Amino acid sequence: MSQFRYELRAEDEADIAGLVARTGVFNEEEVAIARELIRDTRAGSPGADYLFLIADGMTGIEGYTCYGRIPGTDNRYELYWIAVDPDSHRHGLGRALLEASEHDVRKRGGTHLFAETSTRDDYAPARRFYGANGYSCYAEVPDFHADGDGLAIFGKRL
């Protein structure tokens with residue numbers, strides 16, 4: 001069973017980058033972005049208002065979320081990242097991470113949580129995951145990321 005923690009450690013940057021790469025859906029630039037968010041948060045960089053929830057398992061990080069308040073909104077938050085190690089799929093870890101993140105957002109006064117994902121076929125499990133967890137697809141933007149790779153925006157009132 002995974003243990004959850006909210007604080008980042010020095011080794012998390014490399015470990016989470018490895019986790020994100022192992023999922024098989026994120027490209028190199030996206031893996032670099034995941035690293036950058038961790039690095040900026042640990043360094044206390046201005047504007048790095050990201051929150052992290054890490055699931056530590058027996059062999060290392062099994063999953064994580066990165067989320068934060070959306071600037072200029074009234075208590076709206078965005079789930080920037082959710083990733084679960086492929087070896088930990090189908091055991092409820094993704095749902096547990098999402099629920100714990102939602103709980104933390106509510107504690108902070110958040111009333112909505114939004115998440116963006118791709119419309120590519122290999123992201124169909126992510127879209128089903130959001131729907132199964134009470135999220136509605138509010139919009140799709142065709143060809144957003146690239147030709148044939150649209151953007152799906154999900155949201156949930158907490």
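On a C-alpha basis, how far is the centre of segment 1-61 from the centre of segment 132-158 in Å? Whole number, if you could?
So the separation of the two Cα centres works out to 23 Å.
Sequence gap at least 6, Cα distance under 8 Å: using those rules, report the relative contact order of segment 3-157 to the nearest whole percent. Don't skip to the end; give the middle numbers.
Working: 250 pairs, mean separation 26.5, N = 155.
Taking the mean separation of contacting Cα pairs over the length of segment 3-157, I get 17 percent.
So what is the 222 nm mean residue ellipticity for the chain from helices alone, if each DSSP H run of at least 4 adds -39500 (n - 2.57) and you divide by all residues, rounding to the nearest 500 deg cm²/dmol? Before the final figure, lay out each step's value.
On the way: 4 runs with 51 residues, N = 158.
That calculation yields -10000 deg cm²/dmol at 222 nm.
Can you compute log10 of I(q)/I(0) for segment 1-130 with the Debye formula, treating each Cα as one identical point scatterer, at q = 0.10, 0.16 Å⁻¹?
Cα-only, vacuum Debye calculation for segment 1-130: -0.30, -0.80.
Every read-out reported here was derived from the displayed coordinates using simple, explicitly stated rules and does not represent laboratory data. None of these values were measured; they are calculated from a predicted model.
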